[in-house]
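Just below is one structure, and these are the notes that go with it.
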Amino acid sequence: MKTRKLGRDGFDVSEVGLGCWQLGADWGEGVRRDIGLEILTTAVGQGVRFFDTADVYGDGRSEDLIGQFLRHYDGPRIRIATKFGRAAGVYPDGYTEDSLRRGVEASRARLGVEALDLVQLHCIPTEVMRQGAIFDWLRKLQAEGAIRHFGASVETVEEGLLCLEQEGLLSLQVIFNLYRQKLVTELLPQAAAKGVGIIVRLPLASGLLSGKFTTETAFAETDHRNYNRDGAAFNVGETFAGLPFDTGVSLTEKLKAMAPAGMTVAKMAQRWILDHPAVSTIIPGASSPDQILRNAAASDLPPLGKALRDDLAAFYEAEVKAHIRGAY
């Protein structure tokens, strides 16, 4: 597993990290605690050294599971990123210095750490970002030693650019994949110029780019790929990259024909992201140890050729762009 530095002044992260939403077991089929611990064990065995979680994943369950794992872990250092800003009583208008402090203290307790490696604002309202006071509170917590770094998870290019104006911002977490290429032209270059690391969530577009779905694929009632596929619960861009499901399945079939010989569309999709130097790490989720093995392999793949990258950019412009819905 190769590593990259998260931001100019940050720490080393594995090119492939682990998104830990599913470990909260609050959507889909859920992940049993023993399977969750096996996933974490398999991940570190593959060289994964970066976990991304949040205080609201399973109402703290994901952080608690990671904390349980860390208590018995004795190996190379793992960096943990968590998030604040979507809990009940905070989102959408309860952002105070006190609520942030309480959130940070609760995350530290669940993870069992003295200081949080990285706290990210969790897709908070654009106006709260624009006002800026919440960044002052983060800087204060950093100066006090409660957190080592801070960043922001954002939904749109506009939000990302707003955050880039903040002194001390280490990272941006963004939706970026073959179906969400808008970030290439402005946000990624500006982040690189400012020394801000890029954490990529949804590299496989909620599984669309795994190439395993058909239009007949059914998801559990509690799975966001069922209840949020049209944005009924939160930003539709967080589910299938904002594409209508049937359209996404059809587009993925076309991508399969573009993949190099011996390479799955999933591996091509993940390698395409890592071919952007501004990207620090991708954080695919995994509901089984086998998925960890497949995802981790992306770090060892050779870069895609320029001709293929050009073809994938043209494919996005001609066939994907017009179908994307939601904030972007």
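The values are calculated or read from the model by the stated rules, or taken from the named source; none is laboratory data. Everything numeric in this text was worked out from a predicted model, so none of it was measured. Cβ atoms come from the backbone with ideal geometry, glycine included; neighbour counts cover every protein chain shown. To get the accessible areas, we keep the full protein, side chains included, count just its heavy atoms, and leave off ligands, DNA and RNA. Shrake-Rupley method; radii C 1.70, N 1.55, O 1.52, S 1.80 Å.
Some observations on this one:
- Breaking point among (1) within 20 Å of residue 242 (Cα to Cα); (2) not in a helix (DSSP H, G or I), for residue 225: (2)
- Criterion applied to 81, 152 was being free of Cβ contacts under 8 Å to residues at least 60 places away in the same chain, within 20 Å of the chain's Cα centre (by Cα) and under 20 Å from residue 281 (Cα atoms), and the one residue passing it is 152.
- The number of residues in the stretch 73-106 being assigned to a strand (DSSP E or B) and either charged (D, E, K, R) or open to solvent by less than 30 Å² (accessible area, probe 1.4 Å) (or both) comes to 6.
- Residue list for the stretch 292-328, restricted to those being open to solvent by 60 Å² or more (accessible area, probe 1.4 Å) and in a loop (DSSP other than H, G, I, E, B): 302, 303, 325
- Residue in the stretch 236-244 that is open to solvent by 30 Å² or more (accessible area, probe 1.4 Å) and closer than 24 Å to residue 173 by Cβ present: no
- Residue satisfying condition, being more than 16 Å from the chain's Cα centre (by Cα), open to solvent by less than 50 Å² (accessible area, probe 1.4 Å) and small (Gly, Ala, Ser), within set 7, 47: 47
- Counted residues, the stretch 277-291 - those being surrounded by 18 or more Cβ atoms within 10 Å (Cβ to Cβ) and either assigned to a strand (DSSP E or B) or at pLDDT 95 or above (or both): 8
- Of the residues in the stretch 21-36, none is in contact with a helix residue (DSSP H, G or I) (Cβ under 6 Å, 6 or more places away or on another chain) and modelled with pLDDT of 95 or more.
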